[in-house]
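Q: Dropping a structure here in structure tokens format, bear with me for questions.
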Amino acid sequence: MAYIIDLTLVMQNIFWLVNATNGTYPTTRRLIKLAFRAYSESATKGRVHVLIEEHVRQFKPFIPGGPDATLEAIENIIHQCTINLDEMIRRRQEMPAFGTGEEEEPWDTQ
């Protein structure tokens, strides 16, 4: 559950970062790392995991309709934690300039 939500929200960050460059900058490792770091260091990630923990505590696996309740919870958490327009504009203004002539960086995070 956490993986699906985290991945979806990181992918949303990638979408906004690519959109912020008006599609002039390719999706590179640097951009993916920036999107991941932005999500990892955000208050949103903590909020997401609190909401997941609340769902897990309340979840009753042997009640009919249980799996649908988890799917609904995933959808609700993603909807609640989706980046809003004001945050997107702020991130766009804070985003460092990207150059297309830069050498690609390695995947490792050290």
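Q: Hand me the GluC sites (Glu not before Pro) from the range 1-83 located in a DSSP loop with no more than 15 other Cβ atoms within 10 Å, in residue order please.
A: Within the range 1-83, the qualifying GluC sites (Glu not before Pro) (loop, at most 15 other Cβ atoms within 10 Å) are E41.
Q: I would also like to ask the following. Please compute the modelled spin-label separation between A69 and W107, points set 7 Å along Cα→Cβ, answer in nm with one decimal.
A: It is 3.8 nm.
Q: Using only the Cα atoms of the range 4-81, what are the Rg and Dmax in Å?
A: Looking at the range 4-81, its Cα Rg and Dmax stand at 15.5, 50 Å.
Q: Moving on. Extending each Cα 7 Å along its Cβ direction at E54 and R30, get the distance between those two points in nm, one decimal.
A: So the two model labels end up 3.9 nm from each other.
Q: If we count every other residue with Cβ under 15 angstrom of E72's Cβ, Lys/Arg +1 and Asp/Glu -1, where does the sum land?
A: Result for the local shell: -2.
Q: For the range 1-64, report the accessible area per residue in Å² (1.4 Å probe, heavy atoms, rounded to an integer).
A: About 63 Å² of surface per residue is accessible.
The values are calculated or read from the model by the stated rules, or taken from the named source; none is laboratory data. As the structure is a prediction and not an experimental result, all values here were calculated from the model. Neighbour counts are summed over all protein chains in view; Cβ atoms, including those assigned to glycine, are modelled from backbone coordinates with ideal geometry. Note: areas computed on protein heavy atoms with side chains; ligands, DNA, RNA excluded. Shrake-Rupley method; radii C 1.70, N 1.55, O 1.52, S 1.80 Å.
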